[in-house]
Amino acid sequence: MRELDLEKLSLRELNSVLQSQDKNGQESWLIRNPKGAHALAVGLDAPINVRIEGSTGYYCAGMNKNALIHVIGSVGPGAAENMMSGKLIVEGNASQYAGATGHGGTLIIKGNSSSRCGISMKGIDIVVQGSIGHMSAFMAQSGNLVVAGDVGDSLGDSIYEAQIFVRGAVNSLGADCIEKEMTFQHIQLVDKLLKSSDIGCEASEFKRFGSARKLYNFDIDNLSDY
């Protein structure tokens, strides 16, 4: 495992090293002294392993593709924003809009996540061991949001075809979001995501939420919901 130290390198230099790796490589990297740096380990496009020892700022692992990034700490707003593939594991908490607009890959948060978790998600899988804040999965288009804890207000507001699975309490549902049947196939899906995230919960304890599909086309009778 090669080491990169933000006390010895600038953020631009560190990201440049990570971004220049051969796409066929399998190298492992250890980042020391992140000290809340913003946009750390962004735009990676190689199947490399990156371990960050400490907490990060805005947009950690943004636009990730193929890399496995493991943060031994917490992350600021926009972690894994627009991620295409690969994985981000956060051992601590995540701030606002974690996984926003994510197209693919997996975001695992071992702590809590703040408001707007999974906003406008487009295929990413997000698994949160703790609780999440208000307006999470707002306009979520596809993918899966699994929450082992509780959820704040307006869950899934204006949701499209993403699926939400919650084990704890839901404070309130957003416009056009309803509770749906939890079938055997959904239990299998949640079980797979929990096991791959190393989160010890029973999939059968989760409830499923999704779109009522009433706002797909404009209807004057639903004007107050838009």
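Gly62 falls short on exactly one of the conditions (1) part of a loop (DSSP other than H, G, I, E, B); (2) surrounded by fewer than 14 Cβ atoms within 10 Å (Cβ to Cβ), and that condition is (2).
Residue count for the stretch 87-121 satisfying the condition of being out of contact with any Ser or Thr (no Cβ under 8 Å at 6 or more places or on another chain), surrounded by 24 or more Cβ atoms within 10 Å (Cβ to Cβ) and outside any strand (DSSP E or B): 2. Of all the residues in the stretch 94-123, those that are of a type outside the set (A, V, I, L, M), over 16 Å from Gly152 (Cα atoms) and touching a strand residue (DSSP E or B) at 6+ places or on another chain (Cβ under 9 Å) number 10. For the stretch 112-161, residues that are acidic (Asp, Glu) and closer than 20 Å to Cys201 by Cα total 2. Considering Gly200, Gly168, the condition of being touching a residue at least 24 places away in the same chain (Cβ under 8 Å), in a loop (DSSP other than H, G, I, E, B) and surrounded by fewer than 17 Cβ atoms within 10 Å (Cβ to Cβ) is satisfied by Gly168 alone.
Search the stretch 136-148 for residues being on the phi > 0 side of the Ramachandran plot and touching a strand residue (DSSP E or B) at 6+ places or on another chain (Cβ under 8 Å), and hand back the single one that is surrounded by the fewest Cβ atoms within 10 Å (Cβ to Cβ).
Gly143
Within the stretch 171-197, the set of residues being surrounded by fewer than 19 Cβ atoms within 10 Å (Cβ to Cβ) and closer than 11 Å to Leu155 by Cβ comprises Asn171, Ser172, Ala175, Ile178, Glu179.
Only the coordinates and a few stated rules stand behind these numbers; no lab work does. The model shown is predicted, which means the values in this text are computed figures rather than measured ones. Don't worry about glycine lacking a Cβ; one is built from the backbone with ideal geometry, like all the others, and counts go over all protein chains shown.
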